[in-house]
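Chemist: One structure, pasted below without further comment.
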Amino acid sequence: MALVYLGLGSNIEPERNLTLGLQRLRRDFIVLAESPWYASPALGFDGPDFINLVIAVQVDCDVESLYQQLKVLETEFGRPAQAEKYSSRALDIDILLFDQRVGEWPGMVLPRPDIWQCAFVLKPLLDIAPDAICPLRKQPLIEDWPALSHQPLSLCLPMVAPVL
């Protein structure tokens, strides 16, 4: 079993889509932890605010298989296969960390660079893995927080209670 951290985000009916996405992920994987939910402005385009969170899951598959499963799930939530990076979405799921794996796979890089670039990724990750070490840079991820702490981010509560 691999320990994986997934970043989830939505700015199209986010409370509904994140709740439904989490229900589906709980059906398909062992969810070990869920961070608080955070609101942040759309990045790179004009659009509604996003709500983001991070979950820790255990999976019994390889990186490529997990990536494909998550892309299918995003598609089920209406995301086009070739969606623009900076666009609104009902459900976005990114693999942030997959055990201690480092490298490039089709469509992704591990660890995901957004971890040390975006507060809406790092803060919820640190909420559930405060002692996480970057497998690439071999340093605690908490060391990246001061450089990102100025980015707009606010704690929010889901409007729809998650089903556990």
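Chemist: Could you list, in sequence order, all residues of segment 99-111 that are out of contact with any helix residue (DSSP H, G or I) (no Cβ under 7 Å at 6 or more places or on another chain) and either under 20 Å from residue 32 (Cα atoms) or hydroxyl-bearing (Ser, Thr, Tyr) (or both)?
Modeler: Scanning segment 99-111 gives 99, 100, 111.
Chemist: Can you tell me which residue within segment 49-71, out of those that are part of a helix (DSSP H, G or I), touching a Phe, Trp or Tyr at 6+ places or on another chain (Cβ under 9 Å) and aliphatic (A, V, I, L, M), is surrounded by the fewest Cβ atoms within 10 Å (Cβ to Cβ)?
Modeler: 63
Chemist: For segment 20-36, state whether one or more residues are under 21 Å from residue 150 (Cα atoms) and of a type in the set (Val, Ile, Thr).
Modeler: Initially, segment 20-36 is screened for residues under 21 Å from residue 150 (Cα atoms), giving 35-36.
Restricting the remaining residues to those that are of a type in the set (Val, Ile, Thr) gives none.
No, segment 20-36 contains no residue that is under 21 Å from residue 150 (Cα atoms) and of a type in the set (Val, Ile, Thr).
Chemist: Go through (1) part of a helix (DSSP H, G or I); (2) surrounded by 18 or more Cβ atoms within 10 Å (Cβ to Cβ); (3) at pLDDT 95 or above and name the single condition residue 74 misses.
Modeler: (3)
Chemist: Now for a different question. Among the candidates 104, 143, which residue alone is surrounded by fewer than 17 Cβ atoms within 10 Å (Cβ to Cβ) and in a strand (DSSP E or B)?
Modeler: Values: 143 fails: in a strand (DSSP E or B).
One residue alone meets the criteria, 104.
Chemist: Restricting segment 22-48 to residues that are of a type in the set (S, T, N, Q) and surrounded by 16 or more Cβ atoms within 10 Å (Cβ to Cβ), which is farthest from residue 152 (Cα to Cα)? Spell out how you get there, then give the answer.
Modeler: At the first step, the residues of segment 22-48 found to be of a type in the set (S, T, N, Q) are 23, 35, 40.
From the residues that got through so far, the ones that are surrounded by 16 or more Cβ atoms within 10 Å (Cβ to Cβ) too are 35, 40.
Values: 35: 18, 40: 6 Å.
Looking at residues that are of a type in the set (S, T, N, Q) and surrounded by 16 or more Cβ atoms within 10 Å (Cβ to Cβ), I get 35.
Chemist: Could you list, in sequence order, the residues of segment 107-131 that are aliphatic (A, V, I, L, M) and either part of a strand (DSSP E or B) or surrounded by fewer than 16 Cβ atoms within 10 Å (Cβ to Cβ) (or both)?
Modeler: Residues of segment 107-131 aliphatic (A, V, I, L, M): 108-110, 115, 119, 121-122, 125-126, 128-129.
Across segment 107-131, the qualifying residues are 108, 109, 110.
Chemist: Considering only segment 23-39, I want to know if a residue exists there that is in a loop (DSSP other than H, G, I, E, B), modelled with pLDDT of 95 or more and of a type in the set (Ser, Thr, Tyr).
Modeler: yes
The values are calculated or read from the model by the stated rules, or taken from the named source; none is laboratory data. Not measured: the values here are computed from a predicted model. In this analysis, Cβ positions are derived from the backbone assuming ideal geometry, glycine residues included, and neighbour counts consider all displayed protein chains.
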